[in-house]
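As structure tokens, the structure follows; a few thoughts come after it.
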Amino acid sequence: MHYWVRASPADFAGAIPQPRSGHTAVNIGKSKVVVFGGLIDKKFLSDITVYDIENKLWFQPECTGSGSDGQVGPSPRAFHVAVTIDCHMFIFGGRSGGRRLGDFWVLDTDIWQWSELTSFGDLPSARDFAAASAIGKSKIVMFGGWDGKKWLSDVYILDTMTLEWRELAVLGTVPPPRCGHTATMVEKRLLVYGGRGGGGPIMADLWALKGLIEEENESPGWTQLKIPGQAPTARCGHTVTSGGLHLLLFGGHGTGGWLSRYDVYYNDCVVLDRVSVQWKRLPTTNEPPVARAYHSMTSVGSRYLLFGGFDGKSTYGDLWWLVPEDDPIAKRVTASPPKAIHENQDASMTSMEKERQMQENAVSELQKRIGISVSISDSNVKKIVDELEDTELLELASKFIGEGALSNKEAVQALRDHWSKSSPKSIQLKELSPLLRDYKRSVTRIKEENFGAFLQSMNPGSLGKETYRFHHIKNVSQLRMDDIPHLLAEYRQLLLDLGSS
């Protein structure tokens, strides 16, 4: 169990950073967290604020240095990349106003001196919303971004000793171009999650890139990973923070609705467990911070420190701790009974009511346009009822095969047979809500059977490796038209799997 604890004045000395989003916050070893740049009210920032972990002190160092134009450090910017190697923080790209940047800087945090670097080789184009990570103690890998005209899927490696960039030639399947994703080195692989893709869709895919370690003599190649468990929803502008044997994903920005699309911001915590190789919802108690994207989340010992972000209307400057239950500051919230947010419940509680209202508005518009009723019951809160208690499913089955011809159980099976043979274009709108519920029922049964087999055999392979991309969708209003073929394909496979079990 973990607790969200809003930072109090007693936690720190010094002046905390001003509110912002699109900034970076990186660890310098175990001694410092360095916050740089960002955006507030259309103003781009170039300040440095440092958290001294041992002394629990925020301060702004007086930096020296000189760039090609005579400035001390990088120009104001947001949505850049920042990577640390030893005591050096490397900065590349970002945005200032409507201009994408392609300059390259390093800050020596021992003496607080900026240097603009003149690199050579295969120089990456100017871009923002890219993602990068350190490879060992001398190299940096960067993937994707947006250059103002197109989404990118290129991979660059920088040798920080020679300052030479090299574009990595990758054969085979590559991830779709994207920006606003995360890229995290885990041992010998770069893990890329989510982001906004070409044409605008927000993604929920996870990719691994091999061939980054020269000593391994591996050919570079991408693999899309299908991780079982409670996978996060599609999003961009989230963070992924390494915490020992776990990767913690927090927040981000997605879209909701069906005919009418709208923005959704998240404040849930999802863990990628490197031991069990599963996605898990992090169990937390009490109210989480306000949902947000383009924030920062850094690891401070066994704690995580959340700062800043944007929710579509407001820019935040609040600081929050996410701590294990045995942390001393957890007592602040355990003194009064907290409201539990269970592991299998959507943790975006503060944004849920807003999202639900927007869903209702979108569904009302849909009803007016085409004259049908679409259920908007929250399937993440209400238990999915048995098919023989699903009134809407039974009514649809009766109309499909004719009342009285078969028992309810036989009618439901006939409806399932119909769906398994239907094309996406033949599915009527009134069928989508009962179809989605029956899909979720089937997923639940598959998971129960897999877990039972695991308990019998103690073989992790029996847990299955399937990822069900629509299992956590609350209701039919969140489906897009281009989701229906994928929903039907997964539903057919679920029926086959249940039939053979």
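The values are calculated or read from the model by the stated rules, or taken from the named source; none is laboratory data. Not measured: the values here are computed from a predicted model. Cβ sites come from the backbone with ideal geometry, for glycine too, and all protein chains shown count toward neighbours. For the accessible areas, the whole protein counts, side chains as well, though only heavy atoms, and no ligand, DNA or RNA atoms are used. Shrake-Rupley method; radii C 1.70, N 1.55, O 1.52, S 1.80 Å.
Details
- SER138 long-range amide H proximity, modeled H, under 5 Å: none
- Working note: Karplus 6.51/-1.76/1.60 with θ = phi - 60° gives segment 169-176 the couplings 7, 10, 8, x, 5, 10, x, x Hz, where Gly and Pro are set to x.
- Net lengthening on full extension, ARG492/SER276 (0.36 nm per residue, minus Cα-Cα): 75.0 nm
- For segment 387-431, the relative contact order is 33 percent, taking Cα pairs closer than 8 Å that sit 6 or more residues apart in sequence and dividing their mean separation by the residue count.
- Other-chain or far-sequence residues with amide H under 5 Å of GLN230's (modelled H): TRP279, LYS280, ARG281
- For GLU325, the accessible surface of its heavy atoms amounts to roughly 110 Å² (probe 1.4 Å, protein chains only, rounded to the nearest 10).
- Between the listed residues THR284, CYS236, THR298, the Cα displaced farthest toward the positive end of the dipole of segment 234-335, a dipole computed from Cβ unit charges relative to the Cα centre, is found at CYS236.
- A Förster radius of 60 Å, combined with the Cβ-Cβ distance separating GLN413 from ASP108, puts the computed FRET efficiency at roughly 0.30.
- Using a probe of 1.4 angstrom and keeping all protein chains present, the accessible surface of segment 1-66 works out to 50 square angstrom per residue.
- Cα gyration tensor, segment 128-229 - rounded (a/c under 1.5), prolate or oblate: oblate
- The loop-placed trypsin sites (Lys or Arg not before Pro) in segment 108-144, going by DSSP, that have at most 13 neighbouring Cβ atoms within 10 Å of their Cβ come out as LYS137.
- For ASN217 and LYS137, the difference between the fully extended length at 0.36 nm per residue and the C-alpha to C-alpha distance is 27.0 nm.
- Between the beta carbons of THR118 and ARG480, assuming R0 = 56 Å, the FRET efficiency works out to 0.75 to the nearest 0.05.
- Under the criterion of Cα pairs below 8 Å and six or more residues apart, the relative contact order for segment 91-204 equals 19 percent.
- For segment 188-202, 3J(HN,Hα) computed residue by residue from phi via the Karplus equation (6.51, -1.76, 1.60; θ = phi - 60°) reads 9, 10, 9, 9, 10, 10, x, x, 9, x, x, x, x, x, 9 Hz, glycine and proline entered as x.
- The separation of segment 417-434 from segment 84-140, counted between C-alpha centres, amounts to 51 Å.
- Couplings 3J(HN,Hα) for segment 309-322, derived from phi with the Karplus relation 6.51 cos²θ - 1.76 cosθ + 1.60 (θ = phi - 60°), are x, 9, 10, x, 10, 10, 9, 9, x, 7, 10, 10, 9, 10 Hz, where x marks Gly and Pro.
- Taking amide H as placed 1.01 Å from N in the peptide plane, GLY194 has its amide H under 5 Å from the amide H of ASP205, each at least 5 places away in sequence or on another chain.
- Per-selection Rg to Rh, segment 179-297 - Cα, Kirkwood hydrodynamic radius: 0.99
- Point-to-point label distance, ASP86-MET1, nm (Cα→Cβ direction, 7 Å offset): 4.5
- Out-of-range pairs (alpha-carbon distance over 20 Å; input LYS30/LYS56; LYS42/LYS313; LYS56/LYS137; LYS226/LYS447; LYS137/LYS188): LYS56/LYS137
- Counting only heavy atoms of the protein chains and using a 1.4 Å probe, VAL174 has close to 60 Å² of accessible surface.
- Distance in nm between pseudo-label sites at GLU287 and ASP318 (7 Å out along the Cβ direction from Cα): 0.8
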